[in-house]
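J.: There's a structure below that I have some questions on.
Readers should treat all values here as calculations from the given coordinates under stated rules, not as data from a laboratory. Because the structure is predicted, anything quoted here is derived from the model rather than measured. Glycine also receives a Cβ, built like all others from the backbone with ideal geometry; neighbour counts cover every protein chain displayed.
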Amino acid sequence: MKYSLITQHKKTWPVDVMCRPLGVTRGGDYRHLNKAVDYYHLELLEAVQELAKASDHTYGSRRIKVALGLMSYPVSRNKAKKLMNEAGVLVKRRKKFKVTTDSNHTKPLFDNVLNRNFAPKGPDRKVSTSYGQLVKR
């Protein structure tokens, strides 16, 4: 309110003279004037949110940077990170690979009876390729 009053009467009175009775600083008035809405920044934020939604939140700052560059918004990787933080975009992390097979055990191993020959003569039976006889398992 005070700053808009100063802006209205700027041609009539000096800024310094108007700031004293209103209890504001001259620098505060100039900061208010320069604090215009940055539409380019808002466009970048919207683009980051759209890219994250389209990628199902799998794009990190590297991919967001490339995608923004293709959309004619050239930014650095750090700028992409800052935009993602400001837009509240979080990336889904990949689940870490966990090895479930333990080959170093002392349990007994079974013979490979089928030996990749999957043509049995009946249920629970297999023709032995080495002897030509029926083997019941």
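J.: Go through segment 59-68 residue by residue and turn each phi into a ³J(HN,Hα) via Karplus (6.51, -1.76, 1.60, θ = phi - 60°); whole Hz please, and just put x for glycine and proline.
T.: Once rounded to whole Hz, the list reads 7, x, 5, 5, 5, 4, 4, 5, 5, 5.
J.: Filter the cross-link list LYS35/LYS79; LYS10/LYS82; LYS35/LYS65; LYS65/LYS96; LYS53/LYS96; LYS11/LYS79 down to pairs whose alpha-carbon distance in this structure exceeds 31 Å.
T.: Correct reply: LYS10/LYS82; LYS11/LYS79.
J.: Something else: For TYR30, what is the net charge nearby, where nearby means another residue's Cβ is under 12 Å from its Cβ and Lys, Arg count +1, Asp, Glu -1?
T.: In short, +2.
J.: Related question: Does segment 39-87 classify as rounded, prolate or oblate by the C-alpha gyration tensor (a ≥ b ≥ c root eigenvalues; a/c under 1.5 gives rounded; else a/b over b/c gives prolate, otherwise oblate)?
T.: rounded
J.: Okay, next question. Working only with C-alpha atoms, what are the Rg and Dmax values of segment 1-88, expressed in angstrom?
T.: According to the Cα coordinates of segment 1-88, Rg and Dmax are 20.0, 57 Å.
J.: While we're on this one: Let me know the Rg and Dmax you get for segment 1-41 when you use only its Cα atoms, in Å.
T.: Expressed in Å, the Cα Rg and Dmax of segment 1-41 come to 11.3, 36.
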